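Written out below as structure tokens is the structure these notes cover.
The values are calculated or read from the model by the stated rules, or taken from the named source; none is laboratory data. All values derive from a computational prediction rather than experimental measurement. Here Cβ is always computed from backbone atoms with ideal geometry, including for glycine, and neighbour counts include all displayed protein chains. Note: accessible area is taken over every heavy atom of the protein model, side chains too, but ligands, DNA and RNA are not part of it. Shrake-Rupley method; radii C 1.70, N 1.55, O 1.52, S 1.80 Å.
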Amino acid sequence: MKAKSKVILNVKMTVGESHNVAAVLPGTDLKDEYLVFTAHWDHFGIGTPIDGDSIYNGASDNASGVATLMLLAKKYQSLPVRPRRSIVFVAVTSEECGLLGSQYYCEHPLFPLSKTAINLNFDGTAPRELPMMFLSGQRARRIQMLGDRYGSAQGRTVKVITEDPAGGYFRSDHFNFVKKGVPTILVGGGKDYVDKARHEAKPKVYRYHQPNDEYDESWWDFDGAMEDMNLMFSIGLVIANND
């Protein structure tokens, strides 16, 4: 049976200007090769009120990722011996609008993507732990071995996600690096809380992409976030110094 359908879409276009924010820690003998750490700094701002609250804070998604990015930069900078490869830290914009900031970076990279060893992307690190870790690229198996090694040192098992029915793999900034052939790690999206009892006592505190994604000291726990940061620091340091 042949059938026809007609669909009408009303599209509202908004034109604006925003910025990526980047910093680089120069390497030593391999300073012309790079690691790129990313986290998106944008969220939704002021939007449709939910329960009388119209401010979409984005505390977990992704202020926690940006905080992790800044702590990593400080941690690498404080090393007594500078890493061999250069390390680039990029807080990208407009992830929530379609990964536009990371798309712009990958189309106009500060440093050649052909010389970029890996992208390590953070998309929400707290209050969650046990993150999803997506690995892409020809070096994925080597990267997984590093994850296993340093995860075991923390008493953790790093699980590599091979199937993603929710499509999160395609909805975070690492994906633009994937499309350019850069090996990537995505950290974020795990839902096993450090203190489950505290979380379950307030099950409505956090909602993804809603105004009540806001910091609440009564139940937010950063132990898992710190473990994730230290895990990525260790993996990044090996890649920064490896022959």
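Numbers at a glance
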{"quantity": "Beta bridge orientation in region 1-134: antiparallel %, DSSP, nearest 5", "calculated": "35 percent"}
{"quantity": "Low-density loop cleavage sites - chymotrypsin sites (Phe, Trp or Tyr not before Pro) in region 3-99, where at most 16 other Cβ are within 10 Å (DSSP)", "calculated": "none"}
{"quantity": "Anchor K180: aspartates and glutamates whose Cα lies under 20 Å away (excluding residues fewer than 8 positions away in-chain)", "calculated": "D32, E33, E95, E107, D123"}
{"quantity": "Relative contact order (%) - criterion: Cα under 8 Å, at least six apart; region: the chain", "calculated": "27 percent"}
{"quantity": "Fraction of accessible area attributable to carbon and sulfur, region 1-99 (%, probe 1.4 Å)", "calculated": "58 percent"}
{"quantity": "Per residue accessible area of region 1-104, 1.4 Å probe, in Å²", "calculated": "64 Å²"}
{"quantity": "Per-residue [θ]222 nm for the chain (sum of -39500 (n - 2.57) over DSSP H runs n ≥ 4, rounded to 500)", "calculated": "-8000 deg cm²/dmol"}
{"quantity": "Inter-centroid distance (Cα atoms) of region 1-37 relative to region 216-231, Å", "calculated": "28 Å"}
{"quantity": "R0 of 35 Å, Cβ-Cβ distance V81-L113: FRET efficiency to nearest 0.05", "calculated": "0.85"}
{"quantity": "Rough spin-label spacing in nm, given labels placed 7 Å along Cα→Cβ, for K2 and K74", "calculated": "6.8 nm"}
